[in-house]
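Shown next, in structure tokens, is the structure this report addresses.
The values are calculated or read from the model by the stated rules, or taken from the named source; none is laboratory data. All figures in this text were calculated on a predicted structure; none of them were measured in a lab. Here the Cβ positions follow ideal geometry from the backbone for every residue, glycine too, while neighbour counts run over all protein chains shown. These area figures cover heavy atoms from the full protein model, side chains too; ligands, DNA and RNA do not enter into them. Shrake-Rupley method; radii C 1.70, N 1.55, O 1.52, S 1.80 Å.
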Amino acid sequence: MRIREYGTSGPLVVVLHGGPGAPGPMAPVARGLADSFRVLEPPQRGSGSEPLTVARHVADLHELVEQRCQGARPALVGHSWGAMLGLAYAAAHPGRVASLVLIGCGTFDRKARARMEANREARMDERLRRRSEGLAEDFPDPDQRLRAMGDLFLVLDSYDLATTDQELEPCDARANRETWEDMVRLQGQGLYPAAFTAIDAPVIMLHGAVDPHPGLMIRRSLEPYVPQLEYREWDRCGHYPWLEKAAADEFFVVLRSWLGQRLGERPPGAEA
């Protein structure tokens, strides 16, 4: 696996991209932690000869942890789908994760997904609706269409961005479809979120109140299985807290402080 590394000293943190199949946006989070932590940023496996599954992504992450963390227990910081992957990994490998941060966590039931879709639909003006309806015609290549969809959702999912540069790398629509279909299948079978009872690490959700992913509904769906779950929400903040003008500074203060306390260090400038 190709892995980016940030920082030269401090406890280990692994950042997990959302998407799936759309790597890149967590790079600013990795850079923002690099002064106090050693950060690994692994773009996830793309599509190939066999359909992608959640189990395949969990196995890839375990290989990284075993080979690159040298026995240390890293913190996992996942965004959106990456938060879901972090939960799946921590459940499959209890004791290998020191702490788990869920940023803009994805959904684990039909009601939450329906609420998310309704939230996005309510925010669409006529211009955005035309863009959405024309994506298939404007972008016949599915990978380019996924990238364009990400740009569209960035607008819908945010409050007031300091930048619209997501630092996206080339997208993989097939990886997105296969991985997400498997996650939904596993939820339908009742595996998730029930499997999360095995998680023994501290867990926190960091969520924007303007994020169409319904944070409080997702929190309620997880709490019966992850009773140690903490929750922090910001007003004037959407799905990408580190890009929001009103929330970015406090987001990094809270993230550094929470990680530092769970990993045994108090980073410079961290919240007391």
Inset, instruction - Can you give me the number of residues within segment 173-200 that are in a loop (DSSP other than H, G, I, E, B) and in contact with a helix residue (DSSP H, G or I) (Cβ under 6 Å, 6 or more places away or on another chain)? - result: 3
Inset, instruction - Of the numbered conditions (1) more than 21 Å from residue 15 (Cβ to Cβ); (2) out of contact with any His (no Cβ under 9 Å at 6 or more places or on another chain); (3) of a type in the set (Lys, Arg); (4) in a helix (DSSP H, G or I), residue 262 fails exactly one; give the number of that condition. - result: (1)
Legend entry - Answer residue from segment 232-272, given it is open to solvent by 20 Å² or more (accessible area, probe 1.4 Å) and of a type in the set (Asp, Glu) and is modelled with the lowest pLDDT among those: 271
Inset, instruction - Taking the residues in segment 35-54 that are open to solvent by 40 Å² or more (accessible area, probe 1.4 Å) and in contact (Cβ under 8 Å) with a residue 24 or more places away in the chain as candidates, determine which candidate is farthest from residue 7 (Cα to Cα). - result: 51
Legend entry - Matching residues, segment 43-95, being outside any helix (DSSP H, G or I), at pLDDT 95 or above, touching a strand residue (DSSP E or B) at 6+ places or on another chain (Cβ under 7 Å) and more than 24 Å from residue 243 (Cα to Cα): 74
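For (1) small (Gly, Ala, Ser); (2) open to solvent by less than 50 Å² (accessible area, probe 1.4 Å), each residue gets a yes or a no:
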site: 57; (1), (2): no, yes
site: 70; (1), (2): no, no
site: 92; (1), (2): yes, no
site: 100; (1), (2): no, yes
site: 107; (1), (2): no, yes
site: 111; (1), (2): no, no
site: 126; (1), (2): no, no
site: 129; (1), (2): no, no
Inset, instruction - Taking only segment 176-192 into account, find how many residues are within 16 Å of the chain's Cα centre (by Cα) and open to solvent by less than 20 Å² (accessible area, probe 1.4 Å). - result: 2
Inset, instruction - Return the pairs, sorted by first residue and then second, in which the second residue is open to solvent by less than 20 Å² (accessible area, probe 1.4 Å) and acidic (Asp, Glu), the first residue lies in segment 91-111 and is farther than 14 Å from residue 65 by Cα, the beta carbons are less than 7 Å apart, and the residues are 6+ apart or on different chains. - result: 104/211
Inset, instruction - Report the residue count in segment 12-34 for those that are in a loop (DSSP other than H, G, I, E, B), surrounded by fewer than 24 Cβ atoms within 10 Å (Cβ to Cβ) and at pLDDT 95 or above. - result: 1
Inset, instruction - Within segment 154-173, track down each residue that is closer than 14 Å to residue 22 by Cβ and buried (at least 17 other Cβ atoms within 10 Å of the Cβ). - result: 154, 157, 166, 168, 171, 172, 173
Legend entry - Count - residues of segment 72-90 that are under 17 Å from the mean Cα position of the chain (by Cα) and open to solvent by 40 Å² or more (accessible area, probe 1.4 Å): 0
Legend entry - Pair list, Cβ < 9 Å and 6+ apart or interchain, from segment 232-245 residues that are within 9 Å of residue 206 (Cβ to Cβ) and in contact (Cβ under 8 Å) with a residue 60 or more places away in the chain to residues that are open to solvent by 30 Å² or more (accessible area, probe 1.4 Å) and hydrophobic (A, V, I, L, M, F, W, C): 241/252
